[in-house]
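Enquirer: A single structure is presented below for examination.
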Amino acid sequence: MAASNGGAPLVVFDFDKTIVDCDSDNWVVDALGATDRFDELLRHLPWNHAIDAMMGELHAGGRTAEDVRACLRAAPLSPHVAAAIRSAHARGCELRVLSDANAFFIDTVLAHHGLAGYFSGTDTNPAHVDAAGRLRIRPYHEFAAPAPGHGCALPSCPPNMCKGKVMERILLQEEEAAAAARRRRRAVVYLGDGRGDYCPSLKLREGDYVMPRAGYPVCDLIAAGAPPAAAVRGWDGFEDLARVLLGIVDDEIARAVAEQGEAPAAATTNVVGGAVVPDCRALPLPLPARQEAALLPQAVRVPN
């Protein structure tokens, strides 16, 4: 259990191409020799339904849930990511996963690398192995009629999951907890790479941070669309992910310590996280923490 630290942010990770350096659905399908069949399914089924159907066909062909687990244990996960997770947790951060993968894949990978215990929760597509031994994968938001779906109008959100809706719930829970404790809401940091990561980025507020993977679709969307209110801190490679994330964590902890040493009125103030990077596809490396802190504007803060 991480030591309690009131200034440490809540860190929310995407999974595919953020924690693991692959798309976990494609990784499993490719490893089990079903790439062409999966491509056929995708021609007439939404992705979430297609991966569920693919698991059914693999099971019918003699593949087991343990075969799927074995593929996932070989999925690439950088030691820099593992170290960043452990270090952020040791600094007092609460860690969560928000992913359009599925619970079976995520749980298997995190458990294999000894990382499951560092996360307080996961929001993803539910999955389980049924009585026949077949892996079932369901949508996070049911969208087949008569289910209403998630109702988000952003075209970047797939029908089975709007991460922005989940981020709104997380932020509301954070605000309620802060109000009950009579403290300011801790910052939220969101890391992601894909189109579905744009919506939760837009839900974040001033004082929060979005960490998009440079050169990936979420960067194109941030560069071309409405900029997030949160500070944008890009990363390019997993060593960079660790450096940028831990820099944010250390800055937030330092700010909380500084606030505690100021007059009582200062306890209600925050520091705005910084300016949005205009071209997310060519994100500059952040300045060293002490230089960056000197350049950032100070503002009164009012707390996806």
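Enquirer: State yes or no: is L110 within 23 Å of A242 (Cβ to Cβ) and either open to solvent by 10 Å² or more (accessible area, probe 1.4 Å) or in a helix (DSSP H, G or I) (or both)?
Expert: Yes, satisfied.
Enquirer: Here's something else I'd like to know. How many of the residues making up the stretch 241-282 are among the basic types (K, R) and at pLDDT 50 or above? Don't jump to the end; show me each part of the working.
Expert: As a first pass, look at the stretch 241-282 and keep what is among the basic types (K, R): 243, 255, 281.
With at pLDDT 50 or above added as a condition, the list becomes 243, 255.
Residues that pass the stated criteria total 2.
Enquirer: A further question follows. Kindly establish whether G7 is farther than 22 Å from D197 by Cβ, open to solvent by less than 10 Å² (accessible area, probe 1.4 Å) and either hydroxyl-bearing (S, T, Y) or touching a Gly at 6+ places or on another chain (Cβ under 9 Å) (or both).
Expert: yes
Let's see how each residue does on (1) under 21 Å from the mean Cα position of the chain (by Cα); (2) open to solvent by less than 10 Å² (accessible area, probe 1.4 Å):
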| position | (1), (2) |
| --- | --- |
| S24 | yes, yes |
| R37 | no, no |
| E66 | no, no |
| R86 | yes, no |
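Enquirer: Follow-up. Give me the pairs: first residue in the stretch 97-108 and at pLDDT below 95, second residue surrounded by fewer than 24 Cβ atoms within 10 Å (Cβ to Cβ), beta-carbon distance under 9 Å, and six or more apart or on different chains, which are they?
Expert: Pairs that qualify, where the first residue is at pLDDT below 95 and the partner is surrounded by fewer than 24 Cβ atoms within 10 Å (Cβ to Cβ): there are none.
Enquirer: Another one. With the structure loaded, tell me whether A75 is in a loop (DSSP other than H, G, I, E, B) and open to solvent by less than 20 Å² (accessible area, probe 1.4 Å) or whether it fails that test.
Expert: yes
Enquirer: Hey, can you tell me all the residues within the stretch 113-153 that are over 15 Å from G56 (Cβ atoms), in a strand (DSSP E or B) and open to solvent by 30 Å² or more (accessible area, probe 1.4 Å)?
Expert: Within the stretch 113-153, S120, T122 meet the criteria.
The values are calculated or read from the model by the stated rules, or taken from the named source; none is laboratory data. Everything numeric in this text was worked out from a predicted model, so none of it was measured. Quick reminder, even Gly has a Cβ in these numbers, built from the backbone with ideal geometry, and neighbours come from all protein chains shown. Keep in mind that these areas ignore ligands, DNA and RNA; they rest on the heavy atoms of the full protein, side chains included. Shrake-Rupley method; radii C 1.70, N 1.55, O 1.52, S 1.80 Å.
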